[in-house]
Amino acid sequence: MKARILDRADVLKVADLLREQGYEVIAPFRGRGRDTFFETITEENRKRFDLHLPNPYYPPKRFVFPHMERLLTVQKKNGDLLIEPIYKETKRALFGVRSCDVAGIYHLDRFYLGRDFRDIYYEKRRRNLFIVNVVCTDPGEDINNECFCMCADTGPAARDHFDLQLMDLGDEIMAVAGTAAGEALFDHAMFKKGTHAHQEKRAAILNDVRRHFKTTTSWFSATVRYVSQGGVLEKTWEEIGNRCLECGGCTYVCPACTCFTVSDRQTGPDEIERVRIWDACALAGFTRMAGGHNPRRAVHDRRNRRFFRKLAHYFIQRELSMACVGCGRCAAVCHGDVGMPSVVEMVRRATTESDTHEAN
Ligand code: SF4
Ligand code: SF4
């Protein structure tokens, strides 16, 4: 991968360059308090752009997989049915995407594009997307108490699946090209060749940043094994289920959750539209069948499903990674404290206790 150096003051020029190339550039902005959100960069707000700020709870996933999208319309006309697909092909650049969210988008790629059936709606959006990753280097702003990208092997610096990566070295920024499109930006005069000292500074900053993560899920791999082999005790799932309020928050903030439901709604006397909407395994309706039977009526059966989907070896083999990128959002939003790190810890505790019983 080619790397270049630019002045810190020129970061916004990179966004401007993308805007000149016809991209709608979307970046995280600061709201009130801890609130941060993704918004299109405009002439009015561009000065408010900040390289370091808490990662928004609502991930950039919705720019490749919208929470609600119109798929097609069906019209009855002169006895015929006219079916019109609705495709959106906006040329977009996501600017300032954290490494965990880059991995989240790549996870969606493998799910929606990597199998026998390619999702054409997803594909059209994805092929028009340019991703600018920003490495988390400011422990005070970028890294929350819940972040554990290091354990999920996705950060703090993404190794791939971005077009361009920006890393703050202090007065300067290191830019790394991940694709030919990213490298093409290096033709601009603001990008200059770096030196060995820049490389060393990058390594030193990353070493330091890694010491600031507070959440460690060192039992991740053991939990993968327990979940894959059905080794998690039923009482542990029940305990997790008892603490779940079925709000669906963990799914809606998760950059690696892929589930949706499809629904038809009437839009005129002779017209309907088909929409796709995010769905969540936490919600009872997710597995309810047409006749009313629900094979996962109990909350803990649905929680069990979430962690099986995210951690089981079967899925890891199929998708080449866990369906968790360590962003920590589920831990931050869950009212019952059964986000990923807590569940890993609960599985660890219960399994250790059960071993002790057996020894007795
Ligand atoms: S965020 Fe917590 S309480 Fe809400 S559905 Fe997820 S596990 Fe349950
Ligand atoms: S399971 Fe939780 S920590 Fe893992 S990617 Fe989803 S929201 Fe982030």
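With an a/c value of 1.5 or above and a/b larger than b/c for the gyration tensor axes a ≥ b ≥ c computed over the alpha-carbon atoms, the range 1-124 is described as prolate. Sort out for me the Cα centre separation of the range 317-354 from the range 253-302, rounded to whole Å. So the two Cα centres are separated by 24 Å. Please say if the range 272-327 is rounded, prolate or oblate, where rounded means a/c under 1.5 for a ≥ b ≥ c the square roots of the C-alpha gyration tensor eigenvalues, and otherwise the choice is prolate for a/b larger than b/c and oblate otherwise? Oblate is the answer for the range 272-327, as a/c is 1.5 or above yet b/c matches or exceeds a/b. For the pair Arg62 and Thr40, label points projected 7 Å from Cα toward Cβ lie 1.5 nm apart.
Dividing the mean sequence gap of close Cα pairs (under 8 Å, 6+ apart) by how many residues the range 221-355 holds gives a relative contact order of 33 percent. Apply the a/c threshold of 1.5 to the C-alpha gyration tensor of the chain and tell me whether it is rounded, prolate or oblate. Oblate, since a/c reaches 1.5 and b/c is not below a/b. Once the range 3-72 is represented by equal point scatterers at the alpha-carbon sites, with solvent omitted, what log10 I(q)/I(0) does the Debye formula produce at q = 0.17, 0.20, 0.22, 0.27 Å⁻¹? The Debye formula, applied to the Cα set alone, gives -0.76, -0.97, -1.09, -1.28. Full extension of the chain segment joining His293 with Ala180 gains 35.6 nm, where the gain is 0.36 nm per residue of separation less the Cα-Cα distance.
Within the chain, antiparallel bridges make up roughly 75 percent of the DSSP beta bridges whose residues both belong there.
A full extension of the chain between Val74 and Arg118 corresponds to an added length of 13.6 nm, given 0.36 nm per residue minus the alpha carbon distance. If you take all other residues with their beta carbon under 13 Å from the beta carbon of Val25, and give Lys and Arg +1 and Asp and Glu -1, the sum is -1. Report the label-to-label distance for Ala284 and Cys247 in nanometres (one decimal), using points 7 Å from each Cα along the Cα→Cβ vector. Each label point lies 7 Å from its Cα, and together they span 1.9 nm. For the chain, the solvent-accessible area of protein heavy atoms averages 49 Å² per residue (probe radius 1.4 Å; ligands and nucleic acids excluded). Taking 24 Å as the limit for the C-alpha separation, the pairs Lys13/Lys88; Lys214/Lys310; Lys124/Lys310 exceed it in the case of Lys13/Lys88; Lys124/Lys310. Its relative contact order, with pairs defined as Cα atoms under 8 Å and 6+ residues apart, puts the chain at 20 percent. Rounded to the nearest 5, the antiparallel percentage of DSSP beta bridges internal to the range 49-157 is 55%. Listed peptides 171-181, 27-37 appear in the order 171-181, 27-37 once ranked by packing, highest mean of other Cβ atoms within 10 Å at the front.
Highest mean packing first, where packing is the average number of other Cβ atoms within 10 Å per residue, the peptides 195-201, 212-218 line up as 212-218, 195-201. Across the range 25-183, Cα pairs under 8 Å and at least six residues apart give a relative contact order of 20 percent.
The values are calculated or read from the model by the stated rules, or taken from the named source; none is laboratory data. Here the structure is a predicted model, which is why all the values come from computation and not from measurement. Positions of Cβ are generated from backbone atoms using ideal geometry, with glycine treated the same way; all protein chains shown enter the neighbour counts. Surface areas here come from the heavy atoms of the whole protein model, side chains and all, with no ligands, DNA or RNA. Shrake-Rupley method; radii C 1.70, N 1.55, O 1.52, S 1.80 Å.
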